[in-house]
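Single-structure report; data block below.
Nothing in this text is a laboratory measurement; each read-out follows from the coordinates by a stated rule. Computed from a predicted model, the values in this text were never measured in an experiment. No Cβ is skipped: glycine too gets one built from the backbone with ideal geometry, and neighbour counts run over all protein chains shown.
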Amino acid sequence: MKRTVDIILGRSISGRQMRTAYLFIAPVVLYFLITFSYPTLQAFWLSLNRWSITGSEFVGLQQYALVSSDKLFWTSLKNTSILTLLSVPPTMILALLAAVLFHSSSAFPLRNLFRAVYFLPVITSGVAVAFVWGWVFQPDIGLLNALLKFLGLKGQLYLSLAVQTAIH
């Protein structure tokens, strides 16, 4: 109790540091409570009611008892558990191994090549998107200007305007 009072009042350097740390954590905790806890409690409250097109009727835990006696529920729960156990741990282990390989320089001599190969799909998708949008906004053969010309409107110089603005 004395330690808590020291932290709140900031009587020592470590107490002030702890108080500052808690103040920095407070918005995240508040955000978590608002975005996670409230919807979870709301969903639980809604599950205690039987809903129809005309309204709702409070039934308590009756629906949970009904679900727990359903064989399909237990089969689904078993399948979900197996899928989770077979997918989450290997994914976490592979991600940790990749992080270690990215970070360690002496343990893995081909680190830079591994980084390039690993991040290549991330980079190429952005490049592909840039090429597609570049083609759409092309002044002579662009898809957007072709559509405007088909409608009888004058084509625009979308990309050249952006380049001229950036230069000047």
The list [x] 25, 18, 14; [y] 48, 35, 27; [z] 22, 20, 16 gives values of semi-axes √(5λ) of the Cα gyration tensor in Å, and only one came from this structure; which label was calculated from it? [y]
The farthest towards the positive end of the charge dipole of the chain, of the residues GLY55, ILE25, LEU94, given +1 on Cβ of Lys and Arg and -1 on Cβ of Asp and Glu, is ILE25
Any chance you could check the Cα centroid distance between the range 71-113 and the range 117-133 for me, in angstrom? 25 Å
So if we plug the beta-carbon distance of LEU46 and LEU83 into 1/(1 + (r/R0)^6) with R0 = 25 Å, what FRET efficiency do we get, rounded to 0.05? 0.40
Using modelled backbone amide H atoms (1.01 Å from N, in-plane), which distant-in-sequence or interchain residues come within less than 5 Å of ASN49's amide H? VAL59
So what is the relative contact order for the chain, in percent, with contacts set as C-alpha pairs under 8 Å and at least six apart? 6 percent
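Where does the chain land at 222 nm, in deg cm²/dmol rounded to the nearest 500, when only DSSP H runs of n ≥ 4 count, each adding -39500 (n - 2.57), divided by all residues?
On the way: 8 runs with 122 residues, N = 168.
Per the formula, -24000 deg cm²/dmol.
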I want to check the label-to-label distance for ALA146 and SER69. Put each point 7 Å from Cα in the C-beta direction and report it in nm to one decimal. 6.4 nm
Length gained, ALA116-LEU96, 0.36 nm per residue minus C-alpha separation, equals 5.4 nm
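Where in the chain are the DSSP H helices whose C-alpha atoms run 15 Å or more along the long axis and whose mean Kyte hydropathy is at least 1.0?
Helices meeting the span and hydropathy rule in the chain are 71-103, 111-136.
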